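Here's the structure, in structure tokens; my notes come after.
The values are calculated or read from the model by the stated rules, or taken from the named source; none is laboratory data. The structure displayed is predicted, hence computed values, not measured ones. Glycine gets a Cβ as well: all are built from the backbone with ideal geometry, and neighbour counts include every protein chain shown. All accessible areas refer to the heavy atoms of the entire protein, side chains included, with ligands and DNA or RNA removed. Shrake-Rupley method; radii C 1.70, N 1.55, O 1.52, S 1.80 Å.
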Amino acid sequence: MAEAVLFEVKDDVAIVTLNRPERLNALNEDIHAGLRAAFERIEGDEGIRAVLLTGAGRGFCAGADLMQSLAGASAAEKRDLGASLEKDYNPLVRRMRALPKPIVAAVNGVAAGAGMNLALAGDIIIAAKSANFTQAFVRIGLIPDAGGTYFLPRLIGEARARALAMLGETITAEQALEFGLVYRLFDDAVFQEEALKMAIGLAQKPTQALAAMKTALNGSADNGLDAQLDLERDLQRKMGYTPDFVEGVKAFVEKRPARFTGRAG
Ligand code: LHQ
């Protein structure tokens, strides 16, 4: 049986590919286990300095596997979707946000339900022009989960978030760009290549600074200005002691490109 999640390291980038193309990469136990293993490796390997998360085939991810996820449990368990969120989805979203390395979510095709929100948990979201997005939950009597009700209003504002959640409409990649859900679109023919190029570029940047940016930006969603200024001060103090700061300034003075190692000390 093919692995549900493919894992490859190239130029310091971990390429994580959801690999159930015949189900549009719907999330089942195997995919969750594969993602857990992938993020364990990414967290534990200093040589990995960026992540590219994408899907095999014509879909990015169709959300929870509706055929499998509710099968094989007792009648009472079947209805406890909270247990599934607690076990698989919420730890994954928390892990992605806390990961001290940038994640490019490369949406190669349809992103539906928790599949769309998985992409939103990434740091930079890009899409192929043929991709589309839907908060499909309402169609089956659910609410947006996997961080959807947190990310959507912050990314695209209350009005659009509520409409997308309640109407469950599908939006095109162009609309997603216009809404500010995705950072950039690429033609399908060059999408994977451009996505990898972006991730490799990130892997060559000062990794400690990118990690600290994630901490700061994560904090910004909840902090007032005073708390945020304090957080920036504390993080910038740490940055001042990194070898990449020394290298960055040296390279500037010497008028050459910086060679960042991403190391903490
Ligand atoms: C699928 C799926 C799928 C299984 C396509 N499952 N097979 C929920 C419950 C539990 C706990 C935690 O949280 C959640 C969160 C959620 O994510 S709920 C939302 C779940 N996702 C959906 O409701 C989306 C369901 N899929 C669709 O609406 C469509 O497939 C989309 C709009 C994604 C794509 O449509 P098409 O491009 O027309 O493709 P298709 O529908 O023909 O799908 C291709 C195949 O993939 C098909 O299988 P088949 O054997 O007929 O070729 C689908 O059954 C299968 N598939 N999504 N979520």
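Could you check how many residues of segment 6-57 are open to solvent by 70 Å² or more (accessible area, probe 1.4 Å) and within 14 Å of the ligand (Cβ to nearest atom)? Of the residues in that region, 4 qualify.
Mind checking whether some residue in segment 206-216 is within 30 Å of Phe151 (Cα to Cα), within 23 Å of the chain's Cα centre (by Cα), at pLDDT below 95 and part of a loop (DSSP other than H, G, I, E, B)?
No, the conditions are met nowhere in segment 206-216.
Put simply, of Ala212, Ala128 the only residue that is under 13 Å from Ala106 (Cβ atoms) and of a type in the set (A, V, I, L, M) is Ala128.
Of all residue pairs spaced 6 or more apart or on separate chains, those with beta-carbon atoms under 8 Å, a first member in segment 62-91 that is modelled with pLDDT under 90 and open to solvent by 90 Å² or more (accessible area, probe 1.4 Å) and a second member that is in a helix (DSSP H, G or I) and within 9 Å of the ligand (Cβ to nearest atom) are Glu77/Ala83.
Within segment 228-265, track down each residue that is of a type in the set (Lys, Arg) and outside any loop (DSSP other than H, G, I, E, B). Answer for segment 228-265, where residues must be of a type in the set (Lys, Arg) and outside any loop (DSSP other than H, G, I, E, B): Arg233, Arg237, Lys238, Lys250. If only residues of segment 83-113 that are touching a helix residue (DSSP H, G or I) at 6+ places or on another chain (Cβ under 8 Å) and near the ligand (Cβ under 9 Å from one of its atoms) are counted, the one that is farthest from Gly63 (Cα to Cα) is Ala83. Number of residues in segment 114-157 that are touching a residue at least 40 places away in the same chain (Cβ under 8 Å), assigned to a loop (DSSP other than H, G, I, E, B), away from the ligand (no atom under 14 Å from the Cβ) and more than 20 Å from Asn90 (Cα to Cα) equals 1.
Yes/no matrix, rows are residues, columns are (1) open to solvent by 40 Å² or more (accessible area, probe 1.4 Å); (2) among the basic types (Lys, Arg); (3) within 11 Å of Leu120 (Cβ to Cβ):
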position	(1), (2), (3)
Ala136	no, no, no
Asp145	no, no, no
Gly148	no, no, yes
Glu158	yes, no, no
Glu174	yes, no, no
